[in-house]
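Input: a single structure, listed below in structure tokens.
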Amino acid sequence: MRLRSLLFVPGDRPERMTKALAAGADALIVDLEDAVATGRKADARRCVVEFLAQPRSVPVFVRINPLGVAKDDLAAIVPQRPDGIVLPKARGGEAVAELDGWLTALGDHQARILPIATETPVAVFGLGSYGGVSKRLCALTWGAEDLSAVLGATATRENDGRFTSVYQTVRALTLIGAGAAGVPALETVYPDFRDAAGLQAHAARARRDGFCGMLAIHPDQVPVINDAFRPSPAEIVWATRVVAAFAANPGAGVLDVDGKMVDAPHLKQAHRLLDDSGA
């Protein structure tokens with residue numbers, strides 16, 4: 001499942017769900033948690049169940065409420081076979097294993113799990129615990145807002161849109177934790193959906209650092225994100241040459257490609273670029 005762009009949609013807004021299918025995102029995240037007021041949770045569940053019952057042109061994830069209060073969410077949506085579950089307030093790998101057990105008990109054996117892995121201080125210390133806990137784990141993502149509320153921060157970003165040092169650290173640990181677990185890392189949302197230039201710069205930094213995709217909060221953000229995480233023609237040419245060079249020299253450990261030395265990590269990067277491009 002390619003997860004380059006994932007678009008959030010409020011779970012109590014069925015007209016937005018239908019419209020979001022045409023936004024071009026690789027997946028939708030229908031939200032039963034923060035985007036839905038407490039008094040509208042039951043209505044949102046009904047809307048999401050009806051939406052999941054319709055034919056899908058893209059994978060649909062559902063962000064449930066935290067595990068301690070998610071039983072009603074899971075009982076309602078699992079029979080409709082969502083493609084994935086976004087797990088908020090994930091405290092570590094044990095939470096993924098617990099959710100895996102719940103899904104299996106409800107008769108689902110295929111839904112993937114995407115934890116939001118940094119929303120509490122305890123969760124940050126659990127970022128190295130996701131490896132091997134469940135075959136359902138498809139990626140790790142992170143967020144700054146809930147964590148900043150717990151820590152009492154007055155801001156998470158500098159005036160130029162970059163994260164402050166605390167949240168840069170948390171972001172980096174998410175990326176490293178995903179690498180340790182052998183799954184992709186997904187960049188968090190860029191909140192100013194009117195700032196296309198800022199989003200473009202933010203997404204470009206995310207791809208540079210190793211993130212494989214990004215969350216979106218508005219349909220207008222999707223094409224910018226998709227473009228940012230699409231390998232350039234020059235990158236595809238380089239990757240093709242690297243793969244071809246090693247295919248022609250299967251016993252080589254180091255080769256010269258375009259005047260530069262390449263080895264096994266470069267070959268791995270080349271394969272990833274070609275996979276991302278669909279080549």
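The values are calculated or read from the model by the stated rules, or taken from the named source; none is laboratory data. Not measured: the values here are computed from a predicted model. Cβ atoms come from the backbone with ideal geometry, glycine included; neighbour counts cover every protein chain shown. Remember, those area values only see protein heavy atoms, side chains included, never the ligands or the DNA or RNA. Shrake-Rupley method; radii C 1.70, N 1.55, O 1.52, S 1.80 Å.
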Notebook entry, point to check: Which one of these is more than 27 Å from GLY24 (Cα to Cα), at pLDDT 90 or above, of a type outside the set (Ser, Thr, Tyr) and open to solvent by less than 40 Å² (accessible area, probe 1.4 Å): VAL189, VAL170?
Noted result: VAL170
Check: Is it the case that SER148 is open to solvent by 60 Å² or more (accessible area, probe 1.4 Å) and among the small types (Gly, Ala, Ser)?
Finding: no
Checklist line | Verdict on ALA123 being in contact with a helix residue (DSSP H, G or I) (Cβ under 9 Å, 6 or more places away or on another chain) and touching a residue at least 60 places away in the same chain (Cβ under 8 Å) | finding: no
Next item on the list: Identify, from the list ASP220, ASP195, the residue that is more than 18 Å from LEU3 (Cα to Cα), modelled with pLDDT of 90 or more and out of contact with any Gly (no Cβ under 6 Å at 6 or more places or on another chain).
Entry: ASP195
Check: Which of the residues belonging to region 87-106 are in contact (Cβ under 8 Å) with a residue 24 or more places away in the chain and open to solvent by 30 Å² or more (accessible area, probe 1.4 Å)?
Finding: LYS89, ARG91, GLU94, ALA97, GLU98, ASP100, TRP102, LEU106
Checklist line | The listed residue being under 29 Å from GLY177 (Cα atoms) and part of a helix (DSSP H, G or I), out of ALA90, ALA76, ALA35, ALA97 | finding: ALA97
Notebook entry, point to check: List, please: which pairs have Cβ atoms under 9 Å, are six or more places apart or on different chains, and start with a residue in region 245-259 that is over 15 Å from GLN269 (Cβ atoms) and end with one that is outside any loop (DSSP other than H, G, I, E, B) and of a type in the set (Phe, Trp, Tyr)?
Noted result: ALA252/PHE246
